[in-house]
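The values are calculated or read from the model by the stated rules, or taken from the named source; none is laboratory data. Predicted, not measured: the structure shown is a model, and the values here were computed from it. All Cβ positions, glycine included, derive from the backbone under ideal geometry; neighbour counts span all protein chains shown.
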């Protein structure tokens, strides 16, 4: 019986070692699985954080692009307004040049018509400030009064006003 007991004891020992090995493998697999899923959870949190920051960054870039475009639009609108005002003043200057030539020819009636045209162009100038408009209008009224008196010296006033407008220094500009 000793041989049978030894075999039974040996079988029990082998079985116990095998069960222990299986339990050890299960414990190692469980530990590995728990560690893997904890790390995967942290990685997923980092992915979500990165996605949130990416969305925030993208939104901020869009906001900055919009601000830059608005600033550029504003600059272009101001430049367009200045160009329109200059074009309007160029019409006034052209009328003044013709009026000066008419005074030179002693055609005071035609010169007065050109001064009237200059005043009409001035009133049509959209971007002119009230101070500039009033200053130039006052000068045009003085010139018109001189033309009504048939004063040849009014030609100097006409050329002086034309030069001031061409130089961008119209009367009344200091009142801006």
(message) Among (1) exposed (fewer than 15 other Cβ atoms within 10 Å of the Cβ); (2) in contact with a helix residue (DSSP H, G or I) (Cβ under 9 Å, 6 or more places away or on another chain); (3) modelled with pLDDT of 80 or more, there is one condition residue 138 misses while meeting the rest; what is its number?
(response) (2)
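On the basis of being more than 25 Å from residue 153 (Cβ to Cβ) and touching a helix residue (DSSP H, G or I) at 6+ places or on another chain (Cβ under 7 Å), does residue 124 make the cut?
Working: more than 25 Å from residue 153 (Cβ to Cβ): yes; touching a helix residue (DSSP H, G or I) at 6+ places or on another chain (Cβ under 7 Å): yes.
Yes, satisfied.
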(request) Confirm whether residue 93 is surrounded by 10 or more Cβ atoms within 10 Å (Cβ to Cβ), closer than 30 Å to residue 114 by Cα, in contact with a helix residue (DSSP H, G or I) (Cβ under 6 Å, 6 or more places away or on another chain) and in contact (Cβ under 8 Å) with a residue 60 or more places away in the chain. (result) yes
(message) When you check residue 109 against the structure, is it surrounded by fewer than 15 Cβ atoms within 10 Å (Cβ to Cβ), more than 38 Å from the chain's Cα centre (by Cα) and outside any loop (DSSP other than H, G, I, E, B), yes or no?
(response) yes
(request) Answer with yes or no whether residue 84 is in contact (Cβ under 8 Å) with a residue 40 or more places away in the chain and surrounded by fewer than 17 Cβ atoms within 10 Å (Cβ to Cβ). (result) yes
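Here's the yes/no breakdown for (1) over 48 Å from the mean Cα position of the chain (by Cα); (2) assigned to a helix (DSSP H, G or I); (3) on the phi > 0 side of the Ramachandran plot; (4) exposed (fewer than 10 other Cβ atoms within 10 Å of the Cβ):
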residue: 4; (1), (2), (3), (4): yes, yes, no, yes
residue: 21; (1), (2), (3), (4): yes, yes, no, no
residue: 26; (1), (2), (3), (4): yes, yes, no, no
residue: 33; (1), (2), (3), (4): yes, yes, no, no
residue: 50; (1), (2), (3), (4): no, yes, no, no
residue: 59; (1), (2), (3), (4): no, yes, no, no
residue: 65; (1), (2), (3), (4): no, yes, no, no
